[in-house]
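A.B. asks: I am attaching a structure below and will ask some questions about it afterwards.
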Amino acid sequence: MSRAPSEDEVLTYFEKLSNWGRWGDDDQLGTLNLVTPAKRLDAVKSVTEGVAVSCAWDIDTRRRVDQTFGPPQRFMLATGQGINDPARIPTPGRDADRGAGAAEHLGLVYHGYSVTHIDGLSHIFWDGKMYNGKPAELVTSPFGATHHSVSVLREGVQTRGVLLDVAAEKGVRWLEPGAPVFPEDLEACEERQSVRVAEGDVILLRTGYGRKVHDQGPDDVNRVGRAGWHAACLPWFHERGVAAIACDTAQDATPSGYDGLRNPIHSVGIVAMGLWLIDNCDLEDLSGVCERYGRWEFLFTLAPLRWVGATGSPANPLATF
């Protein structure tokens, strides 16, 4: 029987699981310090098939019910429309001769429930602090995150990835909204898949929500909630030395069951542990490839945009077998 820790117990995780100062007072990599050169080499050596799988959703400008801040936007600055119209007035410097081209301005809010993205360690505050005790005031209007910007990941992430397919382990197409995943579920996946999460790994949790989106469309997450990790998993991440977690939802099981901790995975994970979170993956193709090859570990790579001051970045996580 899974035991949910009390809210008071989860609040102690801010100190018990803290990595503040573990890698120095000015550290900005958090748990990604656990990805050593030897870990990267081992992950690269695991590639035997040469097959790569994307774990991201398309970024689409069409409106969806799960877009809290509205859909991504595209403003075309130059197009091919009317290019063969003899009455067209050419754009100086762009298509005044036989050559022409297209260009656009893209804008989006990637934090939320629909865009695949990685959260920077400046994304979440607790008691006015960021990871490693840095004040929240270091995230400013004119300059964004002046500390813990996602641009510190300029070399990207390359390590061993492990898919923990909880939906398959439970024999369901997908977990229902609000369903929590406990450490016992993770260990049942390890046993079923003959794999064990080790230090420096990225864990990818499949709840099956991607299949639901493909079959039925996305949920109104703010209304019905979402499946995801329970706060009870936080000590498990710390004990195993997990470098980052990814999920096919936005991580936290919602509602969390705690009055004062709406998103404990985000709050404790990012602020106390310096744990990197990769939200809203599409893990359906990855699940199929894992089943086909009978292996649930692979080379995991992710390269965020080097956007100075950003609190995260849209991303396309890749699994290579």
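A.B. asks: Out of curiosity, is Arg223 touching a helix residue (DSSP H, G or I) at 6+ places or on another chain (Cβ under 6 Å), surrounded by fewer than 20 Cβ atoms within 10 Å (Cβ to Cβ) and assigned to a helix (DSSP H, G or I)?
C.D. replies: It is false that Arg223 is touching a helix residue (DSSP H, G or I) at 6+ places or on another chain (Cβ under 6 Å), surrounded by fewer than 20 Cβ atoms within 10 Å (Cβ to Cβ) and assigned to a helix (DSSP H, G or I).
Residues are listed down the side, and each one gets a yes or a no for (1) β-branched (Val, Ile, Thr); (2) under 25 Å from Val289 (Cβ atoms); (3) in the same structural domain as Asn19 (by TED's automatic domain parsing):
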{"residue": "Gly161", "(1), (2), (3)": "no, yes, yes"}
{"residue": "Glu169", "(1), (2), (3)": "no, yes, yes"}
{"residue": "Val172", "(1), (2), (3)": "yes, yes, yes"}
{"residue": "Ala179", "(1), (2), (3)": "no, yes, yes"}
{"residue": "Arg240", "(1), (2), (3)": "no, yes, yes"}
{"residue": "Cys247", "(1), (2), (3)": "no, yes, yes"}
{"residue": "Pro255", "(1), (2), (3)": "no, no, yes"}
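Residue-wise test of (1) assigned by TED's automatic domain parsing to the domain that holds Thr116; (2) within 23 Å of His230 (Cα to Cα).
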position	(1), (2)
Glu15	yes, yes
Asp26	yes, no
Gly30	yes, yes
Thr36	yes, no
Lys39	yes, no
Lys45	yes, no
Val53	yes, no
Asp66	no, yes
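A.B. asks: (1) at positive phi; (2) in contact (Cβ under 8 Å) with a residue 60 or more places away in the chain: which one isn't true of Gly294, the others all being true?
C.D. replies: Failed condition: (2).
A.B. asks: Still on this structure, please answer the following. Tell me, please, whether a residue that is among the hydrophobic types (A, V, I, L, M, F, W, C), part of a helix (DSSP H, G or I) and either loosely packed, with under 11 Cβ neighbours inside 10 Å or at pLDDT 95 or above (or both) can be found in the range 139-146.
C.D. replies: As a first pass, look at the range 139-146 and keep what is among the hydrophobic types (A, V, I, L, M, F, W, C): 139, 143, 145.
The next check asks that each one be part of a helix (DSSP H, G or I); those that pass are none.
No: the range 139-146 contains no residue that is among the hydrophobic types (A, V, I, L, M, F, W, C), part of a helix (DSSP H, G or I) and either loosely packed, with under 11 Cβ neighbours inside 10 Å or at pLDDT 95 or above (or both).
A.B. asks: Can you say whether Asp201 is touching a strand residue (DSSP E or B) at 6+ places or on another chain (Cβ under 7 Å) and at pLDDT 95 or above, as far as the supplied structure shows?
C.D. replies: On the way: touching a strand residue (DSSP E or B) at 6+ places or on another chain (Cβ under 7 Å): yes; at pLDDT 95 or above: yes.
Against the criterion (touching a strand residue (DSSP E or B) at 6+ places or on another chain (Cβ under 7 Å) and at pLDDT 95 or above), Asp201 qualifies.
A.B. asks: Take the range 200-217 and flag every residue that is surrounded by 16 or more Cβ atoms within 10 Å (Cβ to Cβ) and not in a strand (DSSP E or B).
C.D. replies: First, pick out the residues of the range 200-217 that are surrounded by 16 or more Cβ atoms within 10 Å (Cβ to Cβ): 200-213.
Hits for the range 200-217 are Gly200, Asp201, Thr207, Gly208, Tyr209, Gly210, Arg211, Lys212, Val213.
A.B. asks: Here are some residues: Ala43, Ala87. Which one is of a type in the set (Gly, Ala, Ser) and either surrounded by 14 or more Cβ atoms within 10 Å (Cβ to Cβ) or part of a helix (DSSP H, G or I) (or both)?
C.D. replies: Just a single option satisfies the conditions, and that option is Ala43.
The values are calculated or read from the model by the stated rules, or taken from the named source; none is laboratory data. This structure is a prediction, so every number in the text was calculated from the model and none was measured. Every residue, glycine among them, receives a Cβ derived from its backbone with ideal geometry; neighbour counts consider all protein chains shown.
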